[in-house]
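Okay, structure first, notes after.
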Amino acid sequence: MKKLSMVAAVGMLSLSAALAQHEGHGGHGMGTHGAPAQATTVVFRVAALHCQACVNVVQPALAKTAGVKSAKASFQEKTVVVTYEEGKTDVQALAQVIARTPSPMPKARFEPALLLMAHGVSDAKQAGRLSKALKGVKGVGRADVQSGVASVTFAGKPAVRLADLKAAAAKAGFMVMPLPAERAKPAGAHGQGHGAESGGHAGHQGHGH
Ligand SMILES: [Cu+2]
């Protein structure tokens, strides 16, 4: 019986794959039943992800959240990449799960910022306008726009959806979308090396009292 249903499931999978390939041909039943909910992947920057112990608390907290399909935290990159089903959970609720997870490090708190790619921002004035538009969404705490990336934090009830942020940006003449995970690597990785080279100057400043 178990084997039979396995075979049936595999059959269904290859059938739907075949249907997807031949989308033009009638496609009856497509999208009416068994269609997967829209999955969205977002990236949060979490500066307080210090080590593997931090990763080991954040990932399971998200994984057991309804609507979350996968969660991958990285202390090297200070990011949490979450794939979720729209309608079951959304960005502010996910941020709250991260924020409410107790850090294993003393006195540390996970303070997630949603990273969004901002299109249509070419100068500081436009960055300011987009930032203001995002801050206008009820539930958004801070919204900073730098180098084409908007960093959004949340406050209050977990009601803000990605769609709300997109709509607010669109209304102001911009477009935001989740930052692709591969673009979320911290730019500071290069900066730190540079800082070490000119460490002599930094040292002087540090003793300047
Ligand atoms: Cu840690």
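How many residues, within the range 50-74, are within 14 Å of residue 108 (Cα to Cα) and out of contact with any strand residue (DSSP E or B) (no Cβ under 7 Å at 6 or more places or on another chain)? Count: 5.
Restricting attention to the range 93-108, the residues being surrounded by 14 or more Cβ atoms within 10 Å (Cβ to Cβ) and either free of Cβ contacts under 8 Å to residues at least 24 places away in the same chain or away from the ligand (no atom under 12 Å from the Cβ) (or both) number 7. With respect to (1) of a type outside the set (S, T, N, Q); (2) touching a helix residue (DSSP H, G or I) at 6+ places or on another chain (Cβ under 9 Å); (3) farther than 13 Å from residue 45 by Cα; (4) within 16 Å of the ligand (Cβ to nearest atom), the lone exception for residue 120 is condition (4). If you go through the range 149-205 and pick out every residue that is modelled with pLDDT under 80 and among the aliphatic types (A, V, I, L, M), you end up with 4. Residue count for the range 62-76, restricted to those that are touching a residue at least 24 places away in the same chain (Cβ under 8 Å) and within 14 Å of the ligand (Cβ to nearest atom): 3. Per the listing 85, 111, the residue uniquely acidic (Asp, Glu), free of Cβ contacts under 8 Å to residues at least 60 places away in the same chain and surrounded by 14 or more Cβ atoms within 10 Å (Cβ to Cβ) is 85. Considering each residue of the range 23-38 in turn, at least one proves to be at pLDDT 65 or above and away from the ligand (no atom under 16 Å from the Cβ).
Got a number for residues in the range 140-179 being of a type in the set (A, V, I, L, M, F, W, C), surrounded by 19 or more Cβ atoms within 10 Å (Cβ to Cβ) and over 17 Å from residue 80 (Cα atoms)? Residues that pass the stated criteria total 9.
Tell me whether the range 60-67 contains one or more residues that are hydrophobic (A, V, I, L, M, F, W, C) and in contact with a Cys (Cβ under 9 Å, 6 or more places away or on another chain). Among the residues of the range 60-67, not one is hydrophobic (A, V, I, L, M, F, W, C) and in contact with a Cys (Cβ under 9 Å, 6 or more places away or on another chain), which makes the answer no.
The values are calculated or read from the model by the stated rules, or taken from the named source; none is laboratory data. Fair warning: this is a prediction, and the values are worked out from it, not measured in the lab. We place every Cβ from the backbone using ideal geometry, glycine too, and count neighbours over all the protein chains shown.
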